[in-house]
Each structure stands twice: as structure tokens, then as C-alpha cells.
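The structure appears below as C-alpha cells.
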Amino acid sequence: MIKETPSENAENEKKEWLDSEGQLAVDVYQTDEELIIQAAIAGIKTEDLDVLIEEEILTIKGKRDNPCRPDAADYFIQECYWGAFSRKLILPVEVDASRCDATMKEGILTIHLPKIQREKKKKITIKG
């Protein structure tokens, strides 16, 4: 068995981290009529973003490219995420996927998902 040195192990972990897909941070809240999802996605074009609803799962996927890519050795701190990212959310309420819309304004993605309104009570007429 070949054992990695601590520096080799750290390099492999760094490479895996850099190659991995980032996870998008989101806010999810509701009004009486709709579910609203917001995410700060600065520096990305809307055509580089996919928003999909499949059953009760919403998926947001995209890729943010670094506009100026200096050699990684030149960084003192690198906290900005560049590359592919995604987020899958199980929707907490039933929504009407045919009436959903999404907008991007000043780097904020906002998705409006209209709720499906079901009758809570219904009086049943007794035939006799």
C-alpha cells in the first residue's frame, strides 16, 4: 500500500475541491399565493443558467467563469467561487410549474412559483 505524504494529501484534497461543483446559497420564502426563491448570482449571464422543475424538485444550475485568470500561485486569498454550481431544492408546497417565472436583476435571481390552491373544506350535499 502506497501512503500519501501530508503535502500530497493536501494537494489531492485541493484538486478535488477545485474540480468539484459549488453549491448555490438560496433564500426560500412564501406569500399566500406563491413560493419565492432568491439567489445571489453575480457575474453570470442568464443564458448560462438553467432553472428546471421536475415533480417537487427545483434545480438551479450554471457556470461562472473567472474573467481574468491569473496563475493560482499568485493568489494570497481566493474566496470567490468560479466554475460550475448547482442547487436542488425539494419544494415545501405544491406549485404550478406552468405559471412559474424567473428574473435576474442586479445579480439576484428571483423565481416565482405560484402555489396550487386546494380547497380545504367542501360541503357535500346529501342526496335523499
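The values are calculated or read from the model by the stated rules, or taken from the named source; none is laboratory data. Note that this is a predicted model, so its numbers are computed, not measured. Note that we place each Cβ from the backbone using ideal geometry, even for glycine, and neighbour counts take in every protein chain shown.
Among the residues of the range 1-45, the ones that are modelled with pLDDT under 85 and among the polar types (S, T, N, Q) come to 6 in all.
Take the residues in the range 46-83 that are hydrophobic (A, V, I, L, M, F, W, C) and over 27 Å from Ser98 (Cβ atoms), then tell me which one is modelled with the lowest pLDDT. It would help to see each step written out before you state the result.
Of the residues in the range 46-83, the ones hydrophobic (A, V, I, L, M, F, W, C) are 49, 51-53, 57-58, 60, 68, 72-73, 76-77, 80, 82.
Of the ones still in play, those that are also over 27 Å from Ser98 (Cβ atoms) are 68, 72-73, 76-77, 80, 82.
Working: Cys68: 78, Ala72: 61, Ala73: 64, Phe76: 78, Ile77: 81, Cys80: 79, Trp82: 81.
For the range 46-83, the residue satisfying everything is Ala72.
If only residues of the range 76-96 that are among the hydrophobic types (A, V, I, L, M, F, W, C) and touching a Gly at 6+ places or on another chain (Cβ under 8 Å) are counted, the one that is nearest to Tyr29 (Cα to Cα) is Phe85. Of the residues making up the range 104-128, those that are out of contact with any helix residue (DSSP H, G or I) (no Cβ under 6 Å at 6 or more places or on another chain), in a strand (DSSP E or B) and of a type outside the set (A, V, I, L, M) are Lys105, Thr110, His112, Lys115.
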